[in-house]
Amino acid sequence: MIIQSVQVAILDLPTIRPHQLAMHTITEQAVVVARVRDTEGREGWSEIATIGGASYGESTPEAIKANIDTYITPHVIGQDPIRFGKIMHDISIHVRGNLHAKALVESAIVDLAARQRNIPAYELFGGKIHDGLPVAWTLASGDTGKDIEEAKEYLHQKRHNIFKLKIGKGDPMKNVEHVLEIQKAVGDRARLTVDVNQAWDEDTANQCIPILQDGGISMIEQPLPGWNHEGMARLADRYRVPILADEGATSIQEIFHIAKHRAGNSIALKIGKTGGLTAVKQAAGIAEAAGLGLYGGTMIESDLGTAMTVQLYSTMPPMKFGTELFGPLLFKDSITTNRVEFRDFNVIVPDGPGFGVEVDHEKVEHYSREKGVLA
Ligand code: MUC
Ligand code: MG
């Protein structure tokens with residue numbers, strides 16, 4: 001039952017429409033997939049995404065793969081998956097940083113440990129509290145009219161009633177007008193948030209936030225660069241509308257720093273940036289103890305990475321701002337044979353063994369950048 005192999009591949013998954021962020025427009029999302037196999041041939045799978053090569057953050061898909069293959073895998077081979085705490089501790093002694101890579105490896109090991117016992121992976125994290133989680137959709141087509149159409153359609157389908165608007169690209173005041181137009185179109189049928197993805201300086205934030213706040217926007221995500229904790233603290237102090245730290249809130253140490261200095265009054269959790277499933281639960285504990293609001297973030301993973309995240313978030317108390325685990329809905333295709341379900345404004349917690357989704361090996365091969373790695 002010990003781990004015999006670890007394999008990592010980069011997949012490029014086409015999206016149903018361009019997804020425009022401040023620093024990059026996604027038309028194909030690069031996700032990194034890992035497979036660990038035990039001596040009896042059982043498999044554990046995981047997926048982590050980054051956005052726009054090196055433009056969103058320091059971790060790139062290529063670096064994640066190279067650093068796992070070279071530096072992390074040797075500490076995993078021959079280990080018992082159920083001791084994932086020990087394996088991750090060993091890795092932490094030998095490999096600094098590399099949080100996305102560590103997250104990918106820990107998650108694949110957890111999937112395998114759960115499958116060896118024929119239980120959902122959430123059982124290894126205290127069991128689920130929820131069967132479904134509120135789920136936002138990101139309006140980021142780059143066109144106000146199309147965003148309004150999308151919002152109306154998904155409200156009608158009862159798929160989403162929380163919408164996050166990406167407003168970091170282009171003229172800030174035009175973006176504020178875009179937000180207010182969408183707010184007017186959906187009225188009180190939906191709650192709107194905005195994500196600036198670090199694009200403003202403090203002056204711009206002080207021009208735009210009061211208008212967004214008066215317009216009824218319910219949360220402002222990462223308006224300033226991730227390093228600017230002092231600026232984030234001033235904004236959080238000055239405005240009534242919640243200021244959410246995302247790119248600035250990575251490791252548990254960084255999240256502790258934000259909590260201590262109130263550099264934001266809420267935190268976006270993500271498995272990749274924080275270094276794994278266990279680390280996210282630790283991060284949530286720090287944030288909760290400091291009275292910060294939580295948001296269940298994503299880096300736009302497909303069904304596999306989303307199932308992992310939904311399962312983990314299901315073991316935590318309700319998050320003040322809900323989640324944005326819409327990833328599978330943005331892709332043209334799926335790399336799993338069963339899909340993560342969305343209904344009644346919720347994403348449903350998968351209940352099968354492991355993370356509850358079954359990998360489609362042919363699809364994985366089809367979308368792999370390098371053929372034959374996970375064949
Ligand atoms: C981010 O910065 O939050 C999450 C949802 C989305 O549309 O973009 C991502 C990244
Ligand atoms: Mg964000």
Against the definition (farther than 29 Å from Asp246 by Cα, among the small types (Gly, Ala, Ser) and open to solvent by 10 Å² or more (accessible area, probe 1.4 Å)), how does Gly78 come out, yes or no? yes
Go through (1) closer than 30 Å to Lys86 by Cα; (2) buried (at least 21 other Cβ atoms within 10 Å of the Cβ); (3) more than 16 Å from ligand 1 (Cβ to nearest atom) one by one and return the number of the condition Ala268 breaks. (3)
Applying the selection to the stretch 81-99, what residues are open to solvent by 10 Å² or more (accessible area, probe 1.4 Å), assigned to a helix (DSSP H, G or I) and either free of Cβ contacts under 8 Å to residues at least 24 places away in the same chain or under 20 Å from Gly354 (Cα atoms) (or both)? Ile82, Arg83, Phe84, Gly85, Lys86, Met88, His89, Asp90, Ser92, Ile93, His94
Residues that are in a helix (DSSP H, G or I) and open to solvent by 10 Å² or more (accessible area, probe 1.4 Å), drawn from the stretch 100-119: His100, Lys102, Arg115, Gln116
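Is the stretch 33-44 home to any residue that is away from ligand 2 (no atom under 16 Å from the Cβ), of a type in the set (S, T, N, Q), in a helix (DSSP H, G or I) and loosely packed, with under 15 Cβ neighbours inside 10 Å?
Initially, the stretch 33-44 is screened for residues away from ligand 2 (no atom under 16 Å from the Cβ), giving 33-44.
Next, from what is left, pick out any that are of a type in the set (S, T, N, Q): 39.
Subset that is in a helix (DSSP H, G or I): none.
Among the residues of the stretch 33-44, not one is away from ligand 2 (no atom under 16 Å from the Cβ), of a type in the set (S, T, N, Q), in a helix (DSSP H, G or I) and loosely packed, with under 15 Cβ neighbours inside 10 Å, which makes the answer no.
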Residues Leu277, Leu292, Leu304, Leu329: which one is away from ligand 1 (no atom under 16 Å from the Cβ) and either in contact with a Cys (Cβ under 7 Å, 6 or more places away or on another chain) or over 20 Å from Gly127 (Cα atoms) (or both)? Leu292
Got at least one residue in the stretch 25-36 being outside the structural domain of Ala249 (by TED's automatic domain parsing) and farther than 18 Å from Ile300 by Cβ? yes
If only one of Lys166, Lys184, Lys174 is within 16 Å of ligand 2 (Cβ to nearest atom) and not assigned by TED's automatic domain parsing to the domain that holds Ile51, which one is it? Lys166
Quick count over the stretch 280-304, residues being more than 16 Å from ligand 2 (Cβ to nearest atom) and either out of contact with any Pro (no Cβ under 6 Å at 6 or more places or on another chain) or not assigned by TED's automatic domain parsing to the domain that holds Glu341 (or both), is 10
Scope the stretch 160-175; condition farther than 18 Å from Phe321 by Cβ and either open to solvent by less than 40 Å² (accessible area, probe 1.4 Å) or of a type in the set (A, V, I, L, M) (or both); matching residues: Gly168, Pro172, Met173, Asn175
So which helices (runs of 4 or more DSSP H) stay within the stretch 220-279 end to end and still have 2 or more residues that are more than 15 Å from ligand 2 (Cβ to nearest atom) and under 28 Å from Ser314 (Cβ atoms)? 252-261
Those residues of the stretch 15-41 which are over 13 Å from Pro61 (Cα atoms) and more than 16 Å from ligand 1 (Cβ to nearest atom), in sequence order: Arg35, Val36, Arg37, Asp38, Thr39, Glu40, Gly41
Might you check whether a residue that is outside the structural domain of His19 (by TED's automatic domain parsing), open to solvent by 10 Å² or more (accessible area, probe 1.4 Å) and not aromatic (Phe, Trp, Tyr) occurs anywhere in the stretch 134-141? yes
Filtered residue count, the stretch 187-209, keeping only those that are touching a residue at least 24 places away in the same chain (Cβ under 8 Å), within 26 Å of His160 (Cα to Cα), away from ligand 2 (no atom under 15 Å from the Cβ) and open to solvent by 30 Å² or more (accessible area, probe 1.4 Å): 2
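Please pick out the residue among Gln183, Gln198, Gln222 that is more than 13 Å from ligand 1 (Cβ to nearest atom) and modelled with pLDDT of 95 or more.
Checking each option against the conditions leaves just Gln183.
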Could you grab me the full set of residues in the stretch 316-335 that are more than 21 Å from Ile51 (Cα to Cα) and either open to solvent by 10 Å² or more (accessible area, probe 1.4 Å) or in contact with an Asp or Glu (Cβ under 6 Å, 6 or more places away or on another chain) (or both)? Pro317, Pro318, Met319, Lys320, Phe321
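The values are calculated or read from the model by the stated rules, or taken from the named source; none is laboratory data. Predicted, not measured: the structure shown is a model, and the values here were computed from it. Cβ atoms come from the backbone with ideal geometry, glycine included; neighbour counts cover every protein chain shown. All accessible areas refer to the heavy atoms of the entire protein, side chains included, with ligands and DNA or RNA removed. Shrake-Rupley method; radii C 1.70, N 1.55, O 1.52, S 1.80 Å.
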